[in-house]
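Please read the structure below before turning to the comments.
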Amino acid sequence: MKTRSPLLAFNLHAVLLFTLALPGPSGRAAEPAGAPRVVNPGPPPSDAIVLFDGKNLDAWESEQGGPARWRIEDGAMVVVGGTGNIRTRRAFGDCQLHIEWATPEKIEGEGQGRGNSGVFLMGRYEVQILDSWQNPTYHNGQAGAVYGQAPPLVNASRPPGQWQTYDIIFRAPRRDGSGKVVRPATITVLHNGVLVQDHFEIRGSTYLERPQYEPHPDKLPLVLQDHGNPVRFRNIWIREL
Ligand code: MG
């Protein structure tokens with residue numbers, strides 16, 4: 001009975017490795033099983049859901065129902081005061097969100113009245129948008145704050161009119177079978193690339209006078225706030241985690 005020579009076994013192994021390293025149909029080398037999924041970083045990343053690319057509001061609707069009534073201008077969507085908050089048609093839980101925004105170049109109002117909007121994860125956990133360039137207000141209400149709960153670690157604001165970015169990593173709260181929150185929501189925020197929230201444990205809905213967790217589904221739409229100021233948005237994409 002023949003036994004396979006060690007040399008042959010080695011060669012088979014080498015052939016296997018060589019085959020794995022050959023480019024697949026996509027032109028990339030095939031990955032061994034269990035390798036991290038390949039994502040083209042873009043931007044936007046190849047596995048992101050684009051929520052706004054400058055062209056239309058198809059991914060959005062009014063929070064009261066019906067079409068979103070904000071306007072599109074020069075590839076940005078602009079809050080039209082009085083038309084109400086807008087929300088995504090899709091619902092999200094754990095996510096990585098990229099959003100660019102700019103407060104009005106012409107300074108009007110002060111404090112909370114100046115360039116106010118907001119990003120509400122799950123429609124209830126707000127990362128404040130505000131013109132916080134030389135515009136004092138309460139600390140947990142300035143740009144980059146988890147509204148009413150956590151001031152930003154630093155004020156990384158750009159002057160009014162300039163584009164700014166938020167990159168947000170959000171984990172939805174987890175509940176046990178009875179609905180009790182067993183792990184609070186957490187949030188990390190980079191403002192213009194600077195860390196302003198470091199895995200902060202959210203204490204509940206931010207629009208309540210006393211934050212507390214309310215029962216809600218595992219996924220909910222992302223909401224952008226109409227606070228009456230013509231804040232602009234562009235390049236919005238989200239990755240479900
Ligand atoms: Mg706000």
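The values are calculated or read from the model by the stated rules, or taken from the named source; none is laboratory data. All values reported here derive from a predicted model rather than from experimental measurement. Cβ: placed from backbone, ideal geometry, glycine included. Neighbour counts: every protein chain shown. The accessibility values were calculated without ligands, DNA or RNA, using every heavy atom of the protein model including side chains. Shrake-Rupley method; radii C 1.70, N 1.55, O 1.52, S 1.80 Å.
At-a-glance table
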read-out: Cα-based shape type of the range 184-226, given that a ≥ b ≥ c are square roots of the gyration tensor eigenvalues and the cut on a/c is 1.5; value: prolate
read-out: Cα lying deepest toward the dipole's positive end in the range 35-240, options P36, P211, P104, charges on Cβ; value: P36
read-out: The range 83-241: C-alpha gyration tensor shape, a/c 1.5 cut-off, then a/b vs b/c; value: prolate
read-out: Folded to 0 to 90 degrees: helix 6-21 orientation relative to the chain principal axis, Cα; value: 30 degrees
read-out: Carbon + sulfur, % of accessible area of the chain - ligands and nucleic acids excluded, 1.4 Å; value: 55 percent
read-out: Relative pair counts by distance (%), Cα atoms of the range 92-132, 10 Å bins; value: 26, 46, 23, 5
read-out: Relative contact order of the range 93-241, pairs being alpha-carbon contacts under 8 Å that are 6 or more residues apart, as %; value: 34 percent
read-out: Exposed GluC sites (Glu not before Pro) absent: longest stretch of the chain, with sites in DSSP loops and at most 15 other Cβ within 10 Å deemed exposed; value: 1-104
read-out: Per residue solvent-accessible surface (Å²) - the range 35-240, probe of 1.4 Å; value: 47 Å²
read-out: Mean-position separation - Cα centroids, the range 99-168 and the range 60-94, in angstrom; value: 18 Å
read-out: Nearest-20 debye value, the chain charge dipole, Cβ charges on Lys, Arg, Asp, Glu; value: 880 debye
